[in-house]
Amino acid sequence: MTIAESVPRHNDVVHCPACSSYLRPPRSWIHAAPDSAELMQILIRRVDRHTARHGVPTEPPHSNSKRLALRVRLRRETTHGMMVEEDHVAEFAVHDRLCDACGMARARAAGPDQQWSAVVQVRQRASHRRTLIHLDQQIVRHGAADSAVRVDGSSGGLDFYFASRSHAARLVEFVSSVAPARVIGVARQLVSHNNFRDAFSVELCAICRDDLIFLPREASRALDGLGPLVLCVKVSKSVSLLDTNSMRLVAMSIAEYDRYRFEPLLSSRRLVEYVVLDVELELRHHDVFVPVLGGLGSTYPIAWVQIARASDLGKNDTVFTVKTHIGWRLNPGDHVLGYDLCNVNSCNNQDLESYGQRHELPDAVLVKKRYKWSAGKMMQEQDGSSSGSERGCAGIEELAMGIGCIELNPSDDKMSCSRTSPFDRLRVALHRNNMEMMEVCVL
């Protein structure tokens, strides 16, 4: 058996004809002239990856049409300590393909209708698009759509256009890793000879953070008797549901959600403002209460809170006593947002009405604490006072309660629309369109 017997004689190399660069797997492009040392290093790496033997190039590769030849010397140590050398000629077939930079440049020069070959359509079928806004922030933060040639906003979501199908598939994989999303369809259209356009349709879960949900009986049984009245406290790759009675937290994957496909009972647009009158923590096995944010499979600390509607102050003396998971963050006089369940008929849910006839429903479900400071004022405070620090800490605590927030930046309102990046302009438009939903410090 010779040394070069297990070393392949034929390999492939990818070349960009526009800038004379070669692909160094997985995604690096190196500019290399013919018969150069850089090209020799790229080719020798392709040979060495197939064998543990040491290869020594003896002469540079020579261009011959679309094939490159490289002579290397393979060296191996025998069992007796002797070094054996053997010459080996490796041939490389050159395949032309535009690199990422040249592909995007040519796509932009081709015009708006011809510059893309793949599109990712992200949709969320919900009355409000909090999960979609959170996904937009994650994409900007991680640069997942930096290679997009165009980004368009539609009534139900976002459209990302790419010059390469692999870039579109990479975005689909990223969306599935940070949000409860599923790919509902992949289509391919023939544009011209050997030229296709691919379309990926991605749908986000209809459940958003702070949504109140009445679980179907089958879903409640599958989640070990959770609910059926639950609150969505976090949206990431899975949906975290909190039992409003036992304060038990359970994560539901997108596959489990697809099995039942339930809709939210009430969304954040139906939140009602309450005033906290008294707070009593329910200490179970500890004499000293330590606030702990519930993890998956655990429970939140329980508290009993006396509240009154802010709209009823000065009109009547109606007071409610409810159980909540945010009692450790509340003090008398604080303002909170919650769902009013005194009038069940307004929810238009027959299962909830039937459940309310057999069980006692809470008068209200508290969702989050409301701060008196607006988002812009909190971000623009620069006096360094202790009150400003406390307000900033309050916003951080609100962020810790779950994902689905908007990254507030006072410069966004003043951002010029003349930027070259369409994604930046879209982010500003989404931020402005959803400012009307932001009544608290952090959504």
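The values are calculated or read from the model by the stated rules, or taken from the named source; none is laboratory data. Since this is a predicted model, take the numbers as computed values, not measurements. Using ideal geometry, Cβ is built from the backbone for each residue, glycine included, and neighbour counts are taken over all protein chains shown.
Being modelled with pLDDT of 80 or more, among the hydroxyl-bearing types (Ser, Thr, Tyr), closer than 30 Å to His167 by Cα and surrounded by 13 or more Cβ atoms within 10 Å (Cβ to Cβ) is a condition met by at least one residue of segment 21-43.
Of all residues in segment 145-161, those that are at pLDDT below 90, in contact with a strand residue (DSSP E or B) (Cβ under 9 Å, 6 or more places away or on another chain) and within 22 Å of Gly103 (Cα to Cα) total 7.
Scanning segment 164-190 for residues that are touching a residue at least 60 places away in the same chain (Cβ under 8 Å) and either over 22 Å from the mean Cα position of the chain (by Cα) or surrounded by fewer than 20 Cβ atoms within 10 Å (Cβ to Cβ) (or both) turns up Ser176, Ser177, Arg182. If you go through segment 15-32 and keep only what is aliphatic (A, V, I, L, M), assigned to a loop (DSSP other than H, G, I, E, B) and touching a strand residue (DSSP E or B) at 6+ places or on another chain (Cβ under 8 Å), you end up with just Ala32. If you go through segment 33-49 and pick out every residue that is under 38 Å from the mean Cα position of the chain (by Cα) and not in a helix (DSSP H, G or I), you end up with 1.
One residue is enough: does segment 200-217 have a residue meeting the conditions within 23 Å of Glu282 (Cα to Cα) and surrounded by fewer than 19 Cβ atoms within 10 Å (Cβ to Cβ)? Scanning segment 200-217, I find no residue that is within 23 Å of Glu282 (Cα to Cα) and surrounded by fewer than 19 Cβ atoms within 10 Å (Cβ to Cβ), so the answer is no. Confirm whether Ala206 is in contact with a helix residue (DSSP H, G or I) (Cβ under 8 Å, 6 or more places away or on another chain) and small (Gly, Ala, Ser). No. Does segment 138-160 contain any residue that is farther than 25 Å from Ile254 by Cα, free of Cβ contacts under 8 Å to residues at least 60 places away in the same chain and among the β-branched types (Val, Ile, Thr)? Yes: segment 138-160 contains one or more residues that are farther than 25 Å from Ile254 by Cα, free of Cβ contacts under 8 Å to residues at least 60 places away in the same chain and among the β-branched types (Val, Ile, Thr). Screening Ala251 on (1) outside any strand (DSSP E or B); (2) over 24 Å from Gln121 (Cα atoms); (3) small (Gly, Ala, Ser) shows it passes everything except condition (1). With a requirement of 2 or more residues that are within 30 Å of Ala32 (Cα to Cα), the strands (runs of 3 or more DSSP E) lying completely within segment 76-171 that satisfy it span 83-96, 148-153.
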